[in-house]
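Presented below is the structure to which this report refers.
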Amino acid sequence: MAVGCNRATPASDSGAACVADSVGTLRLFSTIPTCATDDWTCRARCMAGDAKSCLGLASAAERDPLMIEEADRFYRRTCLLGAANACTNYAAGLWANKHSARQLTCARRVFEKACAAKEPFACGMVGRVMLESTTPPALAEGRAYLENACNKVGGFPCRVLAKHLESGKLGSYPPGLIRTLLSRACAGGDPDACGGPATASETFH
């Protein structure tokens, strides 16, 4: 997932419209197809509306620092084609860099739609928006949201919850809970939670 990448804020969704208004029910892809950025077969399939090909192109473009803006465009297109994974990465591009209040609201709405498809990184990002980008932070709401998402979806929201509990801002928690949450995050497909880190905060870069 692209959360935290150093990238320019996507030009799209800077106005009144938000991609969340145009997407329907999202689906989660368990794998990302391999597509080179110069693979014209993948590009043709993407332009014809094949979400998997678009997702493969977005992923390939994101690995090239010179193609970040194109990656954002592919993620946006793939999101509109119904891929929850792409919606998460597109919204992360809005959130991770300089953004307007309108763009932040849009990013949260896109994360929420992807989370509804049980995309774990999107669920964790809803919690991060509540706790890190809201003034004042929505502490009680954010904790409740992350606890629910960790229980229902697992993975990344468990690690986000661990980080913010560890900070002391969300109130008390039982001894050993941080380690338990990191283990659940790892078991749920969040690789940064694996390896027995000493703290949750050190897993965020």
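Every read-out reported here was derived from the displayed coordinates using simple, explicitly stated rules and does not represent laboratory data. Bear in mind the structure is a predicted one, so any value in this text is a computation, not a measurement. Here the Cβ is made from the backbone with ideal geometry for all residues, glycine too, and neighbour counts use every protein chain on show.
Picking from Val126, Val160, Val23, which is most flexible by a Gaussian network model of the chain using Cα springs under 10 Å?
Greatest mean-square fluctuation among the candidates belongs to Val23.
So which residue, out of Ala44, Ala20, Ala83, gets the largest mean-square fluctuation from a GNM of the chain using Cα contacts under 10 Å as springs?
Ala44
Which of Ala200, Thr135, Asn85 sits farthest toward the positive end of the charge dipole of the chain, with +1 on the Cβ of Lys and Arg and -1 on the Cβ of Asp and Glu?
Among Ala200, Thr135, Asn85, the one farthest towards the positive end of the dipole of the chain is Thr135.
How much length would be gained if the chain were fully extended between Glu69 and Asn97, taking 0.36 nm per residue of separation minus their Cα-Cα distance, in nm to one decimal? Can you show the working numbers first?
Working: separation 28, 0.36 × 28 = 10.08 nm, distance 1.29 nm.
Contour length minus Cα-Cα distance gives 8.8 nm.
Nearest 10 degrees is fine. How inclined is helix 84-96 to the longest principal axis of the chain, computing both from alpha carbons?
With rounding to tens, the tilt is 70 degrees.
Karplus couplings for the stretch 35-40 from phi (6.51 cos²θ - 1.76 cosθ + 1.60, θ = phi - 60°), rounded to Hz, Gly and Pro as x?
Couplings: 9, 6, 5, 9, 7, 6 Hz.
Need the full-extension length gain, Glu132 to Thr34, defined as separation in residues times 0.36 nm minus the C-alpha distance. One decimal, nm. Intermediate results must be reported in sequence, preceding the final value.
Numbers: separation 98, 0.36 × 98 = 35.28 nm, distance 3.39 nm.
Roughly 31.9 nm would be gained on extension.
Taking amide H atoms as placed 1.01 Å from N in the peptide plane, list the residues 5 or more away in sequence, or in a different chain, whose amide H sits under 5 Å from that of Phe29.
HN-HN under 5 Å from Phe29: Ala84, Asn85.
Rounded to the nearest 20 Debye, what is the dipole magnitude of the stretch 118-205 about its Cα centre when Lys and Arg each give +1 and Asp and Glu each give -1 at the C-beta? Walk me through the numbers on the way to the answer.
Working: 9 positive and 8 negative charges, 33 e Å.
Magnitude of the dipole: close to 160 debye.
In this model, which of Lys52/Lys152; Lys52/Lys113; Lys118/Lys163; Lys52/Lys118 are farther than 24 Å apart at the alpha-carbon?
Lys52/Lys152, as the Cα separations exceed 24 Å there.
Determine the calculated [θ] at 222 nm for the chain from helices alone, applying -39500 (n - 2.57) to every DSSP H run no shorter than 4 residues and normalising by the residue count; nearest 500 deg cm²/dmol. Numbers along the way, then the final one.
Numbers: 9 runs with 111 residues, N = 205.
The helix contribution divided over the chain gives -17000 deg cm²/dmol.
Identify which of the listed values of Rg and Dmax of the Cα atoms in Å was calculated from the structure shown: (i) 16.9, 54; (ii) 21.0, 62; (iii) 19.2, 63.
Calculated Rg and Dmax of the Cα atoms in Å: the matching label is (i).
Taking the Cα centre of the chain as the origin and placing charges on Cβ (Lys, Arg +1; Asp, Glu -1), which of Ala60, Ala71, Ser100 is farthest toward the positive end of the dipole?
Sorting the options by dipole projection puts first Ser100.
Work out the length of the dipole vector of the chain about its Cα centre, built from +1 on the beta-carbon of each Lys and Arg and -1 on the beta-carbon of each Asp and Glu, and round it to the nearest 20 debye. Present the calculation step by step, with values, prior to reporting the outcome.
Values: 23 positive and 19 negative charges, 79 e Å.
In total the dipole reaches around 380 debye.
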